[in-house]
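Student: Sharing a structure below in structure tokens format, with a few things to ask.
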Amino acid sequence: MRTKEKLLQILEKNKNNWISGEETAENLSISRAAIWKTVKSLRNDGYIIDAVRNKGYRLVSEVDEITELGIWKYLSPECRMLDIHLLTEVGSTNVLLRQKADEGYQEGTVLIASMQTDGRGRLGRRFYSPADTGIYMSLLLRPVTIQPEYALRLTTIAAAAAAETIELASGKIAAIKWVNDIYLDGKKVCGILTEGSVGMESGQIDSVIVGVGINVYEPEKGFPEEIKETAGAVFDKNIPDGKNILAAGFLNRFMRYYLSGDFDSYIAEYRKRCFILGKGISVIKQAQVKRGIAEDIDDDCRLIVRYDDGSVERLSGGEIKIN
């Protein structure tokens, strides 16, 4: 742990109380000048830290800054095996983590960026990922017994975990649009992109990248014109530690479902939040549109659709729109 993170940990434990610069320097085995330099660096990150002669330093309040320390303090024991890496800016966390997977990185590697310049969603769409307003996270999995047809389950596990986390943090009802979008108050606040690599000889999944993008806050200048009517954010004001709570909460819930090996345990949570069930939808396949009713989600997470012509289909993927 770096000096900056160690000092922040001390300040957070004594929030709104004074800590001695001299004693803190001694505890960290650094000079008082180094303490002052570190305090200035934390202030540059947005932390409000008072400094008074003969009193020391005091963390008055904090911005919502995602940090490794901030995430770790909310992680459950089953997530202690995760290897978390924070990035200021990246093209795409999924693309970078795919490269890391090919280099032999282990299951549990997590990349979290404050900004993506080439964020991607399903069907090749762009995922808007501006600086400092969201969480852009990718998790590497190396399942050993899961066949390719079960990849859909990992997407729906991620959706259930994200919805539960967002609902608890925001106090609002989080809804899922099959298969991978999370909505609050009728607007999309989270998207999920799961990408698998199948071994040529085994025919089984060699590695999976689960990508999650969460709009934590609305950008200062608003969302771009093309998505401003459909995009929303989890919080409408600054929430201290909000990003850390969301990131850790998602990892806690996802890993609990994943490590349990009981993929049925999350189905009820997913179904009850899926807001398209019972509604008229249009299924779009290769530029063809077919109308019907979204009846249910089966135990393999496929969407059961009864079309207007009476035929029934179980969808494992594709694009749908609510009529």
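Every number in this text was worked out from the coordinates using simple rules, so none of it is lab data. All figures in this text were calculated on a predicted structure; none of them were measured in a lab. Virtual Cβ from ideal backbone geometry, glycine too; neighbours counted across all protein chains shown.
Student: Once phi is turned into ³J(HN,Hα) by the Karplus curve 6.51 cos²θ - 1.76 cosθ + 1.60 with θ = phi - 60°, what whole-Hz value does each residue of the range 85-99 show in order, with x for glycine and proline?
Tutor: 10, 9, 10, 6, 8, 8, x, 8, 5, 5, 5, 5, 6, 4, 4
Student: For the pair Trp36 and Lys188, what calculated FRET efficiency results from E = 1/(1 + (r/R0)^6), where r is the Cβ-Cβ distance and R0 = 56 Å, to the nearest 0.05?
Tutor: Using R0 = 56 Å, I get an efficiency of 0.80.
Student: In square nanometres, what is one fourth of the surface area of the convex hull spanned by the alpha carbons of the range 214-323?
Tutor: Averaged projected hull area, Cα only: 9.4 nm².
Student: Also, quick follow-up: If you take all C-alpha pairs in the range 1-125, what percent of them are over 22 Å apart?
Tutor: Counting every Cα pair in the range 1-125, those more than 22 Å apart make up 49 percent.
Student: Now for a separate question. Take Asp50 and Arg142, extend 7 Å from each Cα along the Cα→Cβ direction, and tell me the distance between the two endpoints in nm.
Tutor: In this crude label model, Asp50 to Arg142 measures out at 5.1 nm.
Student: May I pose another question? Okay, which of the range 76-102 sit inside 19 Å, backbone N to the point 7 Å along the Cα-Cβ direction of Thr117?
Tutor: Of the residues in the range 76-102, 86-100 have backbone N under 19 Å from the label point off Thr117.
Student: What Rg and what Dmax come out for the range 3-61 when only alpha-carbon atoms are used, in angstroms?
Tutor: Spelled out, the Cα radius of gyration and Dmax of the range 3-61 are 10.0, 26 Å.
Student: A further question follows. Give the dimensionless ratio obtained when the Cα radius of gyration of the chain is divided by 2.2 N^0.38 Å.
Tutor: With N residues counted in the chain, Rg over 2.2 N^0.38 Å equals 1.11.
Student: Residue-wise, which Karplus ³J(HN,Hα) couplings in Hz belong to the range 104-121, taking 6.51 cos²θ - 1.76 cosθ + 1.60, θ = phi - 60°, and x for glycine or proline?
Tutor: Listing the rounded values in order: x, 4, 8, 4, x, 6, 10, 10, 10, 10, 7, 7, 10, 8, 9, x, 10, x Hz.
Student: Name the long-range amide H neighbours of Ile30: under 5 Å, sequence gap of 5 or more, or other chain; modelled H, no Pro or chain starts.
Tutor: Those lying under 5 Å, H to H, from Ile30: there are none.
Student: Once the piece of chain linking Ile10 and Glu226 is laid out straight, how much longer is it, given 0.36 nm per residue of separation minus the C-alpha distance between them?
Tutor: This chain segment gains 73.3 nm when fully extended.
Student: Taking 0.36 nm per residue of sequence separation and subtracting the Cα-Cα distance, how much length would be gained by fully extending the chain between Leu69 and Asp206, in nm to one decimal?
Tutor: Once the chain is fully extended between Leu69 and Asp206, it gains 46.2 nm.
Student: Using just the C-alpha positions of the range 280-322 as equal point scatterers, what log10 of I(q)/I(0) does the Debye formula give at each q in 0.15, 0.25, 0.28 1/Å?
Tutor: For the requested q values the scattering log ratios are -0.30, -0.84, -1.03.
Student: Can you compute the FRET efficiency between Thr88 and Asn17 using 1/(1 + (r/R0)^6), with r the Cβ-Cβ distance and R0 = 41 Å? Round to the nearest 0.05.
Tutor: Using R0 = 41 Å, I get an efficiency of 0.85.
Student: So how much slack lies between Asp298 and Lys172, counting 0.36 nm per residue of separation and subtracting their Cα-Cα distance, in nm?
Tutor: 42.7 nm
Student: For the chain, modelled as a Gaussian network with Cα springs under 10 Å, which listed residue fluctuates most, Ala25, Ala160, Ala174?
Tutor: Of Ala25, Ala160, Ala174, the Gaussian network model singles out Ala25 as fluctuating most.
Student: From the backbone phi of the range 212-228, what are the Karplus-calculated ³J(HN,Hα) couplings (6.51 cos²θ - 1.76 cosθ + 1.60, θ = phi - 60°) in whole Hz, Gly and Pro given as x?
Tutor: 3J(HN,Hα) across the range 212-228, in whole Hz: 10, x, 10, 7, 6, 10, 6, x, 3, 9, x, 6, x, 3, 5, 10, 5.
Student: Distance cut-off 31 Å, Cα to Cα: go down the list Lys221/Lys279; Lys4/Lys187; Lys243/Lys290; Lys4/Lys188; Lys4/Lys55 and report the pairs above it.
Tutor: Lys221/Lys279; Lys4/Lys187; Lys243/Lys290; Lys4/Lys188
Student: OK, next. With 10 angstrom as the radius, rank Lys13, Lys272 by how many other C-beta atoms surround their C-beta, starting from the fewest.
Tutor: Lys13, Lys272
Student: Could you tally the net charge around Trp18, taking each other residue with its Cβ under 9 Å from the Cβ of Trp18, Lys/Arg +1 and Asp/Glu -1?
Tutor: Computed value for this residue: +1.
Student: Can you list residues from other chains, or at least 5 along the same chain, whose modelled amide H is less than 5 Å from the amide H of Cys274?
Tutor: Ile176
Student: Follow-up question, since we're still on this one. Between helix 151-170 and the chain, what is the angle of the helix's C-alpha long axis to the longest principal axis, kept within 0 to 90° and rounded to the nearest 10?
Tutor: Helix 151-170 and the main axis of the chain meet at about 50 degrees.
Student: Are there GluC sites (Glu not before Pro) in the range 220-323 that DSSP puts in a loop and that have at most 16 other Cβ atoms within 10 Å, and which ones?
Tutor: Qualifying residues, ordered by number: Glu220, Glu225, Glu226, Glu229.
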